[in-house]
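Notes follow once the structure below has been shown.
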Amino acid sequence: MGVKSNSILQVVSGWQAVQLFFECIYLGLWQLMQLAIKRLWKGHRRKISNSAPPVELTVDSSIGIHCYIKIMGVKYHYVETGPKTGQLILILGDAPDTGNLWVPTWSSAVRRLAENGYHVITLDLRGSGGSETGNRRDLTPPKAVGELAALLKALGVSETHPAIVIGFGIGGMLTWYFVHCYGSIVSKFVVADAPHPNLYWLHPPAAFCKRSLHFIQWPHFPERWLAESEIQNNTKWASSRARDWSGALNYVRGAAWYRIHPDHKVQPRGLLIGGKESAAQLVASAQHCNGPAFRLVTKPEPGDKDVPLHVLDFIVGKKKQVEDIPRGLVTRMLEAVADRGREFTARLALPANA
């Protein structure tokens with residue numbers, strides 16, 4: 001079932017691997033020095049030991065049923081919404097977990113999908129939410145997409161019953177790998193804020209690794225740096241800890257050493273969503289697809305008001321147009337019957353000598 005990942009994914013090897021290794025050492029050291037100078041210039045604000053992080057509601061229990069499943073020895077957590085008999089939609093969020101998939105705008109989109117008969121699976125990536133974490137070797141693209149394929153098979157997906165895959169950020173990067181390797185079990189896919197993996201060094205796979213992509217290949221230090229810098233900058237990851245970053249960074253680290261065959265194009269229909277400044281990146285990513293659709297939004301995140309609308313329009317379509325066809329047909333039939341009735345009544349009302 002599906003195309004084998006090792007026939008499409010190409011490992012960076014030979015002189016390219018040696019060059020990449022030394023680039024990660026020397027350029028990573030240079031990036032580390034820049035970050036250290038910037039940190040000293042701004043001043044280092046440590047966490048206050050007696051101050052607990054704010055309480056955050058990251059899951060809306062009304063949106064679905066919380067489930068755990070063990071795939072290839074790895075425990076995954078997901079939230080299930082909608083009828084099990086419907087077409088399966090797999091949603092892969094960004095990492096680390098920020099709770100963006102539970103904001104009101106996106107939660108309403110998930111409910112709308114369920115109301116239209118879709119079986120929605122919102123999956124926690126490894127190292128985020130309730131899913132088991134993994135090291136660098138565990139989260140390489142071949143192993144990551146292999147686990148996702150095994151998950152979908154266990155949930156009833158096949159070539160005759162394909163799934164729809166939606167990915168944001170790191171989840172979008174995994175979506176790219178998945179639709180390349182297992183496109184035969186996917187009917188549609190949506191990628192938001194995630195360049196194609198072959199653009200890895202030109203367009204980094206996530207916002208947090210811009211200007212530090214080589215340094216991220218180092219072990220241990222990037223996790224701590226990211227946790228502390230996000231606190232300083234008061235970003236959406238401000239309450240994250242170093243261990244919260246291990247899963248996201250190991251996905252990014254593994255992607256550095258794999259490329260997708262340049263001649264292989266994604267076959268399922270795709271929707272690419274990006275920020276208004278990322279038009280060039282979307283065009284470059286589209287070269288690896290067969291006629292994808294484009295949408296530019298203010299913020300390509302689940303919380304953006306336009307993203308759920310574009311996703312629903314792509315998957316469900318405009319329901320009104322579907323309903324107009326049978327309604328118009330029935331109306332015409334009723335009008336024809338009414339006309340015949342009026343004509344018959346008029347004949348009966350005429351005088352006998354008329």
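The C-beta contact set for region 115-135 (first residue within 26 Å of G86 (Cα to Cα), second residue basic (K, R) and modelled with pLDDT under 90, distance under 6 angstrom, 6+ apart or interchain) is empty.
For region 248-287, the candidate set comprises residues that are touching a Phe, Trp or Tyr at 6+ places or on another chain (Cβ under 8 Å) and in a loop (DSSP other than H, G, I, E, B); within that set, the residue that is modelled with the highest pLDDT is P268. Restricting attention to region 162-196, the residues that are open to solvent by 10 Å² or more (accessible area, probe 1.4 Å), within 17 Å of V120 (Cβ to Cβ) and not in a strand (DSSP E or B) total 1. Test K265 against the criterion of being touching a strand residue (DSSP E or B) at 6+ places or on another chain (Cβ under 9 Å), within 24 Å of L101 (Cβ to Cβ) and open to solvent by 20 Å² or more (accessible area, probe 1.4 Å), and give yes or no. The answer is no for K265.
So which residues in region 298-309 are surrounded by fewer than 19 Cβ atoms within 10 Å (Cβ to Cβ) and in contact with a strand residue (DSSP E or B) (Cβ under 8 Å, 6 or more places away or on another chain), if there are any at all? Result: T298, K299, D306. Considering (1) surrounded by fewer than 17 Cβ atoms within 10 Å (Cβ to Cβ); (2) modelled with pLDDT under 95; (3) not charged (D, E, K, R), the lone condition that T98 does not fulfil carries the number (1). For the structure I just gave you, tell me whether E159 is part of a helix (DSSP H, G or I) and surrounded by fewer than 24 Cβ atoms within 10 Å (Cβ to Cβ). So E159 does not fit the description; no.
The values are calculated or read from the model by the stated rules, or taken from the named source; none is laboratory data. What you see is a predicted model; the values in this text were computed from it and never measured. Here Cβ is always computed from backbone atoms with ideal geometry, including for glycine, and neighbour counts include all displayed protein chains. We work out accessible area using only protein heavy atoms, side chains counted, and drop any ligands, DNA or RNA first. Shrake-Rupley method; radii C 1.70, N 1.55, O 1.52, S 1.80 Å.
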